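Peer 1: Provided herewith is a single structure, encoded as structure tokens, for subsequent inquiry.
The values are calculated or read from the model by the stated rules, or taken from the named source; none is laboratory data. Note that the structure is a prediction, hence the values are computed from the model and not measured. Cβ coordinates were reconstructed from backbone atoms using ideal geometry, including for glycine residues, and neighbour counts include every protein chain displayed. Ligands, DNA and RNA are excluded from the accessible area calculation, which covers all protein heavy atoms including side chains. Shrake-Rupley method; radii C 1.70, N 1.55, O 1.52, S 1.80 Å.
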Amino acid sequence: MKTDVVVIGGGIAGLEASTALHNLGHHVILIEKKDILGGHVALWDKLFPNNKNASSIIHYLKDHLPQNLTILLSTEITNISKRNNSFFIETNFHQTIETKSVLVATGYDVFNAHLKEEYGYGIYDNVITSAELEEMFKNNKPILTKQGKEPSRIGFVHCVGSRDRKINNLYCSKVCCVTAVKQAIEIRQKLPFSETYCFYMDLRMYGLNFEELYNESQEKYGVTFIRGRLSEASETIDGKIIIKVEDTLLGRPLKMTMDMLVLMVGMVPSAGTSFLINKLDLLSNNGHFIASSDEHLLANYTNVNGVFVAGTASSPKSIDDTFADARSAVLAIHQYLTSQKM
Amino acid sequence: MKIEGKKQIWSSYQKEIANDNYYYARSCIRQNFFPGAENMFIKILREQLNKNIFDDERQTTCTGIGYHSSIVLPETTMTVIARQFSLMNEAGYDNFICSCVTSFGLYTEVIETWTHFPETLEKTKEYLYKSTGRTFQIPQNLVHASDIIYKFRYELLHKLKYKLIHHKTGKPLNVVEHIGCHYAKIFPHKGVGGAEYPHVLAGLIEAWGGNMVDYPERRHCCGFGFRQYLIKANRGYSYSHSLKKFESMQPYEVDLIITNCPGCNYFLDRWQYVAAIEEKKLFGAENKAIPVLTFEELAALLLGYDPWKIGLQMHQIPVEPLLDKIGITYNKKEKYFGTKPPQIPEILNYC
Amino acid sequence: MKSFQYLKKIDRTIDYDNNDRALFYYLMRVEPTVALCIACGACTATCSAGNFSTLDLHKIMLSIRRGEKVYIAKEITQCVLCGKCQLVCPKNVNTRGVILQIMSFLQSSQL
Ligand SMILES: Cc1cc2nc3c(=O)[nH]c(=O)nc-3n(C[C@H](O)[C@H](O)[C@H](O)COP(=O)(O)OP(=O)(O)OC[C@H]3O[C@@H](n4cnc5c(N)ncnc54)[C@H](O)[C@@H]3O)c2cc1C
Ligand code: SF4
Ligand code: SF4
Ligand code: SF4
């Protein structure tokens, strides 16, 4: 098979870019390792900051996919190499694809919360991740503790796996602060008699309507924010979680019992992203994501001519930022392919 | 609590523990507090496990308490430790066992310092040579005594006469373990199972039939704190720490506490005694105080050694309720070997 | 047995589970802007009373939420009710209302 561009990763970045590149007249092959499209957004329920259904975004992207676009699902790349000005991609179906350019849109994985041992993820019954809570919302599962009770007190721990030198992730994952606010509100809507707490180091409400959502969470939903990084969680005899945190604004340690603890896991480069960094000799940035050639001027270019990057494969991003990034990658590739044709 | 999660963590904190031929460094305070414990360790290794262990009369303190109280300079500590290593070399051993957790932490810290700052190693060599004419090699394997018992816990299991099981009801006994802070908090990868969910003593409890109690204040320090405890007026500070732990373990109806550190053992034992008198509070099962044993004492007890020869009368919290539960027979009259028994406060006089 | 006379230390941990947050729930009813405070400290910086006393309004605001009643009762009487805090608050918390409501709550409840 021969093509102009192979887009690796069928998340929102890959879908948006494939469609736009096709519409610009290039021959596109989209490779997705899972058997469904949409990446992480396909797993989410309601989105910050405006409560939109995540599925509406996926539906929109799928509805606009060109009829004759080649999409290879459940396809894993086993090898990728560059010869002259072409890339040769081998897959688990023993196909070899020759392409002029590659767009890496392999996204992120959520941080493996086991690594923060002190929070007891995988050990204590009632410690879950934000991604798991989101899937509970999505699948309309009742919010219950392991003991089968409605939780009356739920804590959200910010920055799990981000801004943490100990695990060598120095960066901020950007979306988890506002996701915590969003999820705390949703909990209060679903369980009106519950109390919700967010434990944060800094609240990063950078985006449009984020601060407003944060205000609403306090005024309308009574979410309590406590500035302090959790140092320890332990399980009580009846399966609840006792947390230790400093209320840094009062300058005193604080102890409280939770029925459920939600870890706001950050983003790390996906296994696919790391694989391609390795195979294509791509440079990586401080966060071990794919480095842009220039963060301002050449955000979607990499150190390898013909390899481009879009979405969260290069750094943590929200959905709107991912879309903007994917569209800008399309322009970069369009320029590259047209200059080659001439 | 899900054990699989802990197992996953334990698997990433395993360390090398030598199989035989050990040089044993005793603890300076433990020999006074619980003199039977170290003897039992040596006995178990020699008699039960057929290991070669060398107990050297020439060794000194590691200076740990002085070092942590800013009384002894780091250079002095390094030189003292270098001398111990030199003694080990001279005796023809490569595997060093520390009886004390403070020592273990300190030896590890010193070796790490030498590794990262080679100039300190050179200085130490110089100081040792000038003061004693000795040279030294760093041990190939440095472990804490509890690591050894951990390593051979299943070998010992086959030799146990008793288990951590109530002999009448058949139920596992509820056992709390307390790991000395310096065993793994300074260097988590040097401790079996790491620092958050240490396995070194938990592994013994599991293997020998007990129920390991993971209570909320498990990771809290016993409150020894070295410099705090040295001054009598500060002891309430130390006491408050232990009390926090006792209150946290109370709901679990604990039958036994085991420790691997001299200080912790001493405080968890003595402070319960103080709490019994001062606050009329007992924190264990059946509204009794909780017996506190070292891991060697526990091993020896289950192997069938005589409780009074192990030295269990040296603990202020009576151990008899534990012996009764396990089904160990003992002679009440021989507890103090015919010497005048100490006066027991009424609240603890239930044996 | 003679007493050891060891002086136990008072635990300075905020014991959230056992604290009484009735004041907070009362304020949420009568003065809901109390929830908007982000503990920025602008009020404390400008507070007239704070120049000459230990009054620290941002800490009062947080203590309300934590149920640290004794602290609030001890501190709040130092407020001279000048109203400057309200002028500077970026979140438009009705601080004067909050303070007056605290006082009336404390008067009518027994501490
Ligand atoms: C808990 C949580 C909640 C969030 N909620 C919101 C929200 O409400 N609003 C918002 O704006 N943002 C939200 N986000 C952020 C959002 O998920 C991302 O912005 C978005 O998923 C980025 O899309 P992407 O295409 O870059 O990456 P991904 O979604 O990670 O997609 C990458 C795709 O590449 C595929 N892939 C990976 N490796 C390979 C390979 N080797 N070969 C082939 N395919 C491969 C993957 O299977 C996947 O389909 C949230 C994030 C988290 C963690
Ligand atoms: S967005 Fe918030 S929770 Fe996430 S890493 Fe940044 S500061 Fe931490
Ligand atoms: S009203 Fe009270 S708290 Fe506010 S500035 Fe004046 S003295 Fe300070
Ligand atoms: S100025 Fe307003 S928001 Fe800032 S601490 Fe004071 S009351 Fe809170």
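Peer 1: Looking for something over 25 Å from A:L115 (Cα atoms), of a type outside the set (K, R) and more than 14 Å from chain A (Cβ to nearest Cβ) - is there at least one such residue anywhere in region B:175-184?
Peer 2: yes
Peer 1: Given the options A:L254, A:L282, A:L249, name the one that is touching a residue at least 24 places away in the same chain (Cβ under 8 Å), within 14 Å of another protein chain (Cβ to nearest Cβ) and not in a helix (DSSP H, G or I). Outline the logic, then answer.
Peer 2: Values: A:L282 fails: within 14 Å of another protein chain (Cβ to nearest Cβ); A:L249 fails: touching a residue at least 24 places away in the same chain (Cβ under 8 Å).
Within the list A:L254, A:L282, A:L249, the selection yields A:L254.
Peer 1: When the residues of region A:174-232 are narrowed to those that are of a type in the set (V, I, T) and open to solvent by 20 Å² or more (accessible area, probe 1.4 Å), which ends up farthest from the other protein chains (Cβ to nearest Cβ)?
Peer 2: Taking the candidates together, the pick is A:V175.
Peer 1: Under 8 Å between Cβ atoms, at least 6 apart or on separate chains: pull out the pairs that start in region B:1-19 with a residue that is more than 7 Å from chain A (Cβ to nearest Cβ) and end on any residue that is among the acidic types (D, E).
Peer 2: Pairs found: B:K15/B:D147; B:I17/B:D147; B:A18/B:D94.
Peer 1: Hey, any hits in region A:332-342 for a residue that's more than 19 Å from A:N85 (Cβ to Cβ), assigned by TED's automatic domain parsing to the domain that holds A:L61 and open to solvent by less than 50 Å² (accessible area, probe 1.4 Å)? Reasoning before the result, please.
Peer 2: Taking region A:332-342 first, the residues more than 19 Å from A:N85 (Cβ to Cβ) are none.
No, every residue in region A:332-342 fails to be more than 19 Å from A:N85 (Cβ to Cβ), assigned by TED's automatic domain parsing to the domain that holds A:L61 and open to solvent by less than 50 Å² (accessible area, probe 1.4 Å).
Peer 1: Still on this structure: Report, ordered by the first and then the second residue, all pairs with beta carbons closer than 7 Å, sequence separation of six or more or different chains, a first member in region B:43-68 that is in the same structural domain as B:E109 (by TED's automatic domain parsing), and a second member that is open to solvent by 60 Å² or more (accessible area, probe 1.4 Å) and of a type in the set (V, I, T).
Peer 2: B:T63/B:T76
Peer 1: Now for a separate question. Residues being open to solvent by less than 50 Å² (accessible area, probe 1.4 Å) and hydrophobic (A, V, I, L, M, F, W, C): count how many of those fall in region C:1-27.
Peer 2: Residues that pass the stated criteria total 5.
Peer 1: Which one is farthest from ligand 2 (Cβ to nearest atom), of the residues in region C:84-111 that are outside any helix (DSSP H, G or I) and exposed (fewer than 12 other Cβ atoms within 10 Å of the Cβ)?
Peer 2: At the first step, the residues of region C:84-111 found to be outside any helix (DSSP H, G or I) are C:89-94, C:109-111.
Adding the requirement that they be exposed (fewer than 12 other Cβ atoms within 10 Å of the Cβ) leaves C:90, C:92, C:110-111.
On the way: C:P90: 20, C:N92: 25, C:Q110: 42, C:L111: 38 Å.
Checked region C:84-111; the qualifying residue farthest from ligand 2 (Cβ to nearest atom) is C:Q110.
Peer 1: Could you identify the single residue in A:L37, A:L65 that is surrounded by 17 or more Cβ atoms within 10 Å (Cβ to Cβ) and either in contact with a helix residue (DSSP H, G or I) (Cβ under 7 Å, 6 or more places away or on another chain) or of a type in the set (G, A, S) (or both)? Explain how you work it out, then say what you get.
Peer 2: Details: A:L65 fails: surrounded by 17 or more Cβ atoms within 10 Å (Cβ to Cβ).
After applying the criteria, what remains is A:L37.
Peer 1: Given the condition part of a loop (DSSP other than H, G, I, E, B) and more than 7 Å from ligand 2 (Cβ to nearest atom), answer yes or no: does some residue in region A:172-186 qualify? Talk me through it step by step, then tell me what you get.
Peer 2: Within region A:172-186, the subset part of a loop (DSSP other than H, G, I, E, B) is A:172-175.
From what's left, more than 7 Å from ligand 2 (Cβ to nearest atom): none.
No.
Peer 1: Could we say that B:R134 is more than 24 Å from the chain's Cα centre (by Cα), open to solvent by less than 60 Å² (accessible area, probe 1.4 Å) and among the basic types (K, R) here?
Peer 2: Details: more than 24 Å from the chain's Cα centre (by Cα): yes; open to solvent by less than 60 Å² (accessible area, probe 1.4 Å): yes; among the basic types (K, R): yes.
Considered against the rule, which asks whether it is more than 24 Å from the chain's Cα centre (by Cα), open to solvent by less than 60 Å² (accessible area, probe 1.4 Å) and among the basic types (K, R), B:R134 comes out as yes.
Peer 1: Pick out the one residue from A:G287, A:G222 that is touching a residue at least 40 places away in the same chain (Cβ under 8 Å) and assigned to a loop (DSSP other than H, G, I, E, B). Even if it seems obvious, please write down each step before you answer.
Peer 2: Working: A:G222 fails: touching a residue at least 40 places away in the same chain (Cβ under 8 Å).
The match here is A:G287.
Peer 1: What single numbered condition from (1) open to solvent by 20 Å² or more (accessible area, probe 1.4 Å); (2) within 10 Å of ligand 3 (Cβ to nearest atom); (3) more than 14 Å from chain A (Cβ to nearest Cβ); (4) of a type in the set (V, I, T) fails to hold for C:T44?
Peer 2: (3)
Peer 1: So in region C:47-68, with the set limited to residues that are more than 14 Å from chain A (Cβ to nearest Cβ) and in a helix (DSSP H, G or I), which one is farthest from C:V93 (Cα to Cα)? Full working, then the answer.
Peer 2: If we filter region C:47-68 for residues that are more than 14 Å from chain A (Cβ to nearest Cβ), which is where we start, we get C:47-53, C:55.
Now restrict to residues that are in a helix (DSSP H, G or I): C:49-51.
Working: C:A49: 18, C:G50: 18, C:N51: 21 Å.
Restricting to residues being more than 14 Å from chain A (Cβ to nearest Cβ) and in a helix (DSSP H, G or I), the top hit is C:N51.
Peer 1: Being surrounded by fewer than 15 Cβ atoms within 10 Å (Cβ to Cβ), closer than 26 Å to C:D11 by Cα and within 10 Å of ligand 3 (Cβ to nearest atom) is the filter here; which residues of region C:47-77 pass it?
Peer 2: C:S53
Peer 1: Sticking with this structure for a sec: Give all pairs with beta carbons closer than 8 Å in which a residue from region C:85-98 that is without any contact (Cβ under 8 Å) to a residue 40 or more places away in the chain meets a residue that is away from ligand 1 (no atom under 16 Å from the Cβ) and small (G, A, S); count only pairs at least 6 apart in sequence or on separate chains.
Peer 2: C:R96/C:G83
Peer 1: Search region A:167-187 for residues that are among the basic types (K, R) and pair each with any residue that is open to solvent by 20 Å² or more (accessible area, probe 1.4 Å) and not in a helix (DSSP H, G or I) when their beta-carbon atoms are under 6 Å apart and the residues are at least 6 apart or on different chains.
Peer 2: So the pair list comes out as A:K182/A:F48.
Peer 1: So, C:Y16, is that one over 22 Å from A:R227 (Cα atoms) and either at the interface with another protein chain (Cβ under 10 Å from one of its Cβ atoms) or touching a helix residue (DSSP H, G or I) at 6+ places or on another chain (Cβ under 7 Å) (or both) or not? First the steps, then the outcome.
Peer 2: On the way: over 22 Å from A:R227 (Cα atoms): no; either at the interface with another protein chain (Cβ under 10 Å from one of its Cβ atoms) or touching a helix residue (DSSP H, G or I) at 6+ places or on another chain (Cβ under 7 Å) (or both): yes.
Judged against the criteria, C:Y16 is not a match.
Peer 1: Name every residue in region A:197-207 that is more than 20 Å from A:P253 (Cβ to Cβ) and within 16 Å of ligand 1 (Cβ to nearest atom), in order of residue number.
Peer 2: Across region A:197-207, the qualifying residues are A:R204, A:M205, A:Y206, A:G207.
Peer 1: When you check A:E117 against the structure, is it touching a helix residue (DSSP H, G or I) at 6+ places or on another chain (Cβ under 7 Å), within 14 Å of chain B (Cβ to nearest Cβ) and open to solvent by 20 Å² or more (accessible area, probe 1.4 Å), yes or no?
Peer 2: Values: touching a helix residue (DSSP H, G or I) at 6+ places or on another chain (Cβ under 7 Å): yes; within 14 Å of chain B (Cβ to nearest Cβ): yes; open to solvent by 20 Å² or more (accessible area, probe 1.4 Å): yes.
The answer is yes for A:E117.
Peer 1: To continue, here is another question. I need the full set of residues from region B:45-78 which are open to solvent by less than 20 Å² (accessible area, probe 1.4 Å) and not in a loop (DSSP other than H, G, I, E, B), in order please.
Peer 2: Matches in region B:45-78: B:L45, B:I53, B:G64, B:G66, B:T77.
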